[in-house]
Amino acid sequence: MFVPSVLAEPSVEQRLKQADSYRQEAGSIKAEVGVNQFVQGSLKATQLYDVYTKPGKGSLVVFKSAAEAGQKMLMQDDNYWLFMPKSRRPIRITPMQKLLGDASVGDISSLSWSESYRAEVKQPKLQVNGEDALELLLEAKSKGASYHKIELVLSASDSFPLAANLYLQSGKLAKTAQFSRGVMNNHPAVISMKLLDGIQQKNETIIEFKGSRTIDIDDKLFNPSYLVRNNLENI
């Protein structure tokens with residue numbers, strides 16, 4: 001007699017890894033990111049960045065807007081550095097270092113949720129805009145994470161991230177995030193993230209993930225000594 005198989009419910013860890021896959025591709029990646037700041041509904045400022053990510057090496061953010069040309073940020077584990085033009089010494093910063101509006105360094109560097117946070121189910125069944133969803137509670141494994149705690153809402157069907165509440169170490173709600181679904185490199189992906197301040201809800205910052213591709217990234221790009229001496233105009 002034929003007995004139909006029943007698909008097992010994905011584990012929390014599996015769901016979190018699946019959610020990560022919509023935000024970042026595997027391997028060495030160059031991503032183009034735009035940040036748009038809106039105040040009272042009007043566009044106030046825009047900045048552009050190239051983000052280089054290599055497994056085991058970290059993430060490098062290169063500022064592309066004319067007003068910030070030559071600035072770079074390097075993220076390795078819990079260490080974050082800002083490199084300014086003509087300065088011979090990097091500046092230590094935190095992942096909450098502001099870029100524009102409510103966008104911080106950690107928001108555009110595609111921090112891996114599955115690697116940096118412990119997760120458990122907070123609400124197994126929710127409805128978000130008519131879609132079945134669930135909510136996970138994420139707690140940072142280290143003090144260097146962008147946010148101490150995240151309440152992350154995922155689609156029940158495919159674990160696509162829908163929304164998140166992002167909390168500081170103090171327990172204060174830093175900001176809320178809303179994720180937009182789209183296609184990048186022929187795969188489902190997060191194509192933008194809207195950030196709303198925990199207090200000034202009328203102001204919003206939209207991070208656009210404009211494109212990404214797999215490239216061979218030289219290890220020297222993740223060496224602070226090399227970054228101090230080079231402006232990276234030709235990478």
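What follows is calculated from the coordinates using simple rules that are stated; it is not laboratory data. The structure displayed is predicted, hence computed values, not measured ones. No Cβ is skipped: glycine too gets one built from the backbone with ideal geometry, and neighbour counts run over all protein chains shown.
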Among the residues of segment 112-137, count how many are touching a residue at least 24 places away in the same chain (Cβ under 8 Å), over 17 Å from LEU166 (Cα atoms) and of a type in the set (Gly, Ala, Ser). 1
Identify the residue in segment 66-96 that is in a loop (DSSP other than H, G, I, E, B) and in contact with a Ser or Thr (Cβ under 6 Å, 6 or more places away or on another chain) and, among all such residues, is surrounded by the most Cβ atoms within 10 Å (Cβ to Cβ). PRO95
Exactly one of these conditions fails for TYR147: (1) buried (at least 19 other Cβ atoms within 10 Å of the Cβ); (2) under 20 Å from the mean Cα position of the chain (by Cα); (3) assigned to a strand (DSSP E or B). Give me its number. (3)
Search result, residues across segment 27-56 that are touching a strand residue (DSSP E or B) at 6+ places or on another chain (Cβ under 7 Å), of a type outside the set (Asp, Glu) and either surrounded by fewer than 16 Cβ atoms within 10 Å (Cβ to Cβ) or part of a loop (DSSP other than H, G, I, E, B) (or both): GLY27, SER28, LEU43, LYS44, ALA45, THR46
I'd like the full set of residues that are loosely packed, with under 15 Cβ neighbours inside 10 Å and in a loop (DSSP other than H, G, I, E, B), limited to segment 128-144. ASN129, GLY130, LYS141, SER142, LYS143
Looking at the structure I just gave you, is ALA174 closer than 25 Å to THR53 by Cβ, assigned to a strand (DSSP E or B) and touching a Gly at 6+ places or on another chain (Cβ under 8 Å)? yes
Please specify each residue of segment 31-68 satisfying the condition of being without any contact (Cβ under 8 Å) to a residue 60 or more places away in the chain and aliphatic (A, V, I, L, M). LEU43, ALA45, LEU48, VAL51, VAL61, ALA66, ALA67
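Here are some residues: GLN14, GLN24, GLN18. Which one is of a type in the set (S, T, N, Q), on the phi < 0 side of the Ramachandran plot and in a loop (DSSP other than H, G, I, E, B)?
Numbers: GLN14 fails: in a loop (DSSP other than H, G, I, E, B); GLN18 fails: in a loop (DSSP other than H, G, I, E, B).
None of the other options fit; the residue is GLN24.
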I'd like the full set of residues that are at positive phi and either among the hydrophobic types (A, V, I, L, M, F, W, C) or in contact (Cβ under 8 Å) with a residue 40 or more places away in the chain (or both), limited to segment 71-91. ASP77
